[in-house]
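The values are calculated or read from the model by the stated rules, or taken from the named source; none is laboratory data. Remember, it's a predicted structure, so these values are computed and weren't measured experimentally. Cβ atoms come from the backbone with ideal geometry, glycine included; neighbour counts cover every protein chain shown. Ligands, DNA and RNA are stripped out before the accessible areas are found, and what is left, the full protein with its side chains, is counted by its heavy atoms. Shrake-Rupley method; radii C 1.70, N 1.55, O 1.52, S 1.80 Å.
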Amino acid sequence: MASREELEAEKKKLEEEIKKLDQPVDFGSDSDHGDEETDETEEWENRMSQIYALKERLSEIELELLRLK
């Protein structure tokens, strides 16, 4: 079982990573190329998937922290 300090550190790291991934992605504004829009959509989907996984772990850590109180 992880210590409270380890859990708090991991929680902070996860929150920072989520914040970083939640930034918009822009591959340019050339409106006549659909590839850029496709790339942006794929990147957004990848980021949302990562954010979901990080939030799941964050929830687990928060529950563990509550148990330690």
List the pairs whose first member sits in the stretch 37-51 and is more than 12 Å from P24 (Cβ to Cβ) and assigned to a helix (DSSP H, G or I), whose second member is open to solvent by 70 Å² or more (accessible area, probe 1.4 Å) and of a type outside the set (S, T, Y), and whose Cβ atoms are under 8 Å apart, counting only residues at least 6 apart or on separate chains? D39/F27; I51/D22
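Here's the yes/no breakdown for (1) of a type in the set (F, W, Y); (2) over 30 Å from L68 (Cβ atoms); (3) modelled with pLDDT under 95:
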| site | (1), (2), (3) |
| --- | --- |
| K13 | no, no, no |
| P24 | no, yes, yes |
| F27 | yes, yes, yes |
| D30 | no, yes, yes |
| T41 | no, yes, yes |
| Y52 | yes, no, no |
| E56 | no, no, no |
